[in-house]
Structure formats: structure tokens, C-alpha cells
Amino acid sequence: MSCNMRILLFAAAALLAVGPKTYAAEVTFYEDALPILQSHCQGCHHPGEGTPMSLLNYKEVLPWAKAIREAVLLKKMPPWYAEKGVGKKFSNDRSLSQEEIGTLVAWADTGAKKGDLAAAPPPAKFADSWSIGKPDLIVRPPKPYRIPSKGVIEYTYVIVPSGFTEDKWVSKVELKPSKREHVHHLIAWVRPPGSSYFEEYSVGDFFVPSVKIRERRREGEGKFERRQLLASYAPGGIPNRLEAGQARLIPAGSDFIFELHYTANGTAGTDRPQLGLVFSDGPPRQRVFTTAALNSKFVIPPNASNHRVEASLTMSAKAILLDMMPHMHLRGKSFEYRAVYPNGKSELLLRVPKYNFNWQLSYVLEEPLTLPKGTRIECTAYFDNSWSNPHNPDPTQEVRWGDQNWEEMMIGFISLAIDADQNPESVFVSNKPVNKGTPAVTGGNIPAM
């Protein structure tokens, strides 16, 4: 069966799922379609967000009515990949209900009528393109990075001093590029004072360290004493919001280290990312930090269509799970998180059955989950290195961990909350492999993504 035929059949099935519906009144933009677009689409589709079109008003939306119809029927938009009905519920669920899909389909099918402007909801407000609102502080590299038009672009870093003379608690943080079209990902790390992380490099200059230098750690140096992940940007990601009383710590005297990974697309460009910080009004109840279960030792055979890779981490102290973000590259097929509790009970937390590299989404728990001491977080990923994967760079090649898109990664990021005076170093213990296959790797010391 051809790919086009499968798409047509899927669309037909989706339309049948929406079902015929009789509306009491005609479906119009202002009364019916616009409220849905405001709730689910405009957060990305407004000026300054790098999306192909803005969807703020009737004039902007009308040319895209049929495309919107197809996108919602096929569930390509809004992007959301957590399987429904299994695992936990998520507060940032972007997906549309069947009723909302039906409304947008009916609007497009009945002439995409404008309706009465007086019935429109108030326009959504966007704070200077910062989804966190106006930052208290914006941190940038001292100069833009020049992106070549072709070739392999290695991981590049730049160190920017914070200048903080006292500890700072950050309640909101956002990292964003100035030019999104070249970006594979960006990360902002906090380097605490005394850290060995890139200690040989000068401040303010871009540099490309070897993998050995990137992963080097002084003997006896704690994972979080070396560096702490503060914020990240990847396509489709939206900054997570912390609850009242939660914040991330930036110790006095710390440096920010920007990790930059770009992909050449045939056109040269520049990028000068920005890190926006909103400070907490006072000391928080809980400290939030990010770590991961990961596996960097896998080997994916040529033509393997469903290759399994596992990783885990175990709590040596109680912590509260806030969100999860799976990360793979172009051969990534599916990803699953599971909690195994000290009493032996196993609980599925998240299943992403159709992973999409172009949308690096975090899944924020609607109800934060307490993980008792001894809980093990297990992550299971599947990779498709076969010809049936249309994004596969080369099915004939054996695939290992690597920085570039044609290589692979297996990372299960998680954000945890602990007491504000608790040390993150105390939360984890070393793990053994979860089975006799590919070894699982413990969390905490996250390699470059």
C-alpha cells in the first residue's frame, strides 16, 4: 500500500471518528474556531516564534483553513505524542478533543465563515515573545555565533559569568535562539564555583572541546558540583513552569555555559541565543533540578526495525517527579517511562508510541508524583534502523551514540523537586543493568545532548 493511500485511509478514519454532527448554528471563526486556536495553537503561531504562519486573526487563518482541517484530522497538529488512556495525565497536553477537531473540520467544510467580531474572545497577549513573561535578567553570549552553510558543525560552547555575589533562586527560565532554522538544540548549564567543567577555557570565546574533555570530571567531584542543567531549547519545546514555592538554584559566583548545536541547511547564518531568568521572591520550599536515565553504550544493527535500548536510575532519597522528556534522533521510534516502587509495584508513567524528532516535547505531570526512596525509573526506547523509516539516513549502517542527527542518543530526562536545603547528590544510587541485554546507564551525569 502506498504512503499516500495510507494517509488518505487514515484521514478517512479520523473523519469517521469525529462523526457527523448537527450544529445548532453555523460554525464561524470568531464564535467557534478562534477560541480553539487561542487555547491550542497561538502559543507557537504568533509573530516572533519562528513558525511558518501566524494564526492570530481571521485574515491570517483563512488561507490555511483546509491545511488546518487536514492537520487536525491526522493529529499532526497540535503536536502531542503521549498515548491517550495509559500512564499519567499531563497539564501541558496540547491535543484537541474530538469535539474540537469536529468544530475546526466543520468550519473549514462549511466555507470558513468569518462570523461576528463582537463575539470573539479577547486577543491573547504575548510578553515580548517570552513565554515566561518579561525576564528579570537576560543573559547572552558576548557575540553571535556564525553558522556555516554546509559541513558538520560540532558542539560549540561559550562561558558567560553570572556576576552573582549571592545565591539566586530562579522560578522561571527560558532559553531561545535568535535564528531557529539552524538549531538542533541549545542548553544553558550552570557551572558552580570550583567546578572542573571546562576550567581550561577562557570566558567569552566560542570553543569546540573533544568528547573526552566534555565528559571529564575531577576525582571525587559530584555530578551536580560539576554542572547543573538550567534550561534547554529544542524544536517544539515550550519552557516548563514551576509551581509556587519551587525554584532552581544558581549558586553565587557561578558561570553560565551555553552549549550550542547547529545543523547546516545550505544557507549561512548567525545566532545569538538568549537566556531569560525570573527570580523567586524569596527562598522556595522546594529545589528543582533536571537529570536523566541514559544509555550511551548501545549498538543498533543495520536494518533493525525495532531495536530495544534500556536505561534506569534509582532514588536513594524521596523526590517528587515533575516532568519527563524523551530524547532520541532520527531513528527514534518509541519511548516509555515506568516507575518500579520499593514494594515491587510497577507503574507506566508515559508512553510515546510515535516519537517525532522534530518535536522535542516535555510531558508535565498534572499531579506531581512522589517517588519513595528505592524507586527505580526505567526508560525503554525502540529504534527503527530499517528502510521503512523515511527519516533514516542510512539503514545499512551500524548506529552508536553520537552528537549528530545521523548518529543516535537515548536519554530519558526528568525534573525532580526536593527540599530546598537538600543536596541533589544525595538523591541517586548507582544502578545495575535492568536486563542482560544492552547495559542500562545511571542518571545524573548527563553527556552533551
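A compact table of results
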quantity	calculated
Neighbour-count order for Phe256, Phe357, Phe207, fewest beta carbons within 10 angstrom listed first	Phe207, Phe357, Phe256
Length-normalised contact order for the chain - Cα pairs under 8 Å, 6+ apart - percent	19 percent
Rounded tilt (10° steps) of 98-109 against the dominant C-alpha axis of the chain	50 degrees
Among Ala420, Ala67, Ala33: highest mean-square fluctuation, GNM of the chain, C-alpha pairs under 10 Å	Ala67
Separation of alpha-carbon centers, region 55-114 and region 324-384, rounded to whole Å	26 Å
Dmax and Rg, reported as Rg then Dmax, of region 258-330 (C-alpha, Å)	19.0, 55
Residue-span extension gain [Leu117 to Tyr341] - 0.36 nm each, minus C-alpha spacing	75.2 nm
Cα-based reach from Lys297 at 18 Å (exclusive), listing aspartates and glutamates while leaving out same-chain residues under 8 positions away	Glu215, Glu310, Glu378, Asp384, Glu398, Asp403, Glu407, Glu408
The chain, Rg to Rh (Cα coordinates; Rh as Kirkwood inverse mean 1/r)	0.97
Net lengthening on full extension, Ser196/Val211 (0.36 nm per residue, minus Cα-Cα)	3.9 nm
Calculated SAXS-style log₁₀ I(q)/I(0) at q = 0.21 Å⁻¹ - region 137-283, Debye, Cα scatterers	-1.39
Among Glu100, Glu221, Glu70, residue whose mean-square fluctuation peaks in a GNM of the chain (springs only between Cα atoms under 10 Å)	Glu221
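A short reminder: the numbers here are calculations on the coordinates, not readings from a lab. The model shown is predicted, which means the values in this text are computed figures rather than measured ones. Ideal geometry is used to build each Cβ from the backbone, glycine not excepted, and the neighbour counts take in all protein chains shown.
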